[in-house]
Amino acid sequence: MLTLKVYNLLLCFIDMKQIKRLQIGKSGLTSAFVEQVKSIFEGETLVKISILKSACRDKKAAEKIGDELVAALGKKYDYKLVGYVLTVVKYRKVQR
């Protein structure tokens, strides 16, 4: 017999969605990539983007890629850079 705690835990695992993951390679941030991210955000609120070593070799370049991506997406988006992984978030309201 399942306890209530275990049952709730199982429900959480069933409802979890997979986080969409993308990669930026040697061609860098292109308009086609930005359009692909926009189309993913029509149904998602979070996307993780791995920046490969062929795209940039230092943190400043990775931050620049994140800034350019968020500027291309719009004011409802923000990112966090951990290592060489951008976590891009879409908010419901425009961010200041």
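Here, each number is a calculation from the coordinates, and none is a lab measurement. Just so we're clear, the structure is a prediction, and the values are computed from it rather than from any experiment. Note that we place each Cβ from the backbone using ideal geometry, even for glycine, and neighbour counts take in every protein chain shown.
Figures for the structure shown
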item: P(r) histogram, all alpha-carbon pairs of the stretch 14-90 included - 5 Å bins from 0, percent; result: 3, 16, 30, 27, 15, 6, 2, 1
item: Phi to ³J(HN,Hα) by Karplus 6.51 cos²θ - 1.76 cosθ + 1.60 over the stretch 52-59, Hz, x for Gly, Pro; result: 6, 5, 6, 7, 7, 10, 9, 5
item: Extension gain, Lys26 back to Asp78 (0.36 nm per residue minus Cα-Cα distance, nm); result: 16.4 nm
item: Simple spin-label estimate for Val34 and Lys60 in nanometres, 7 Å along Cα-Cβ; result: 2.3
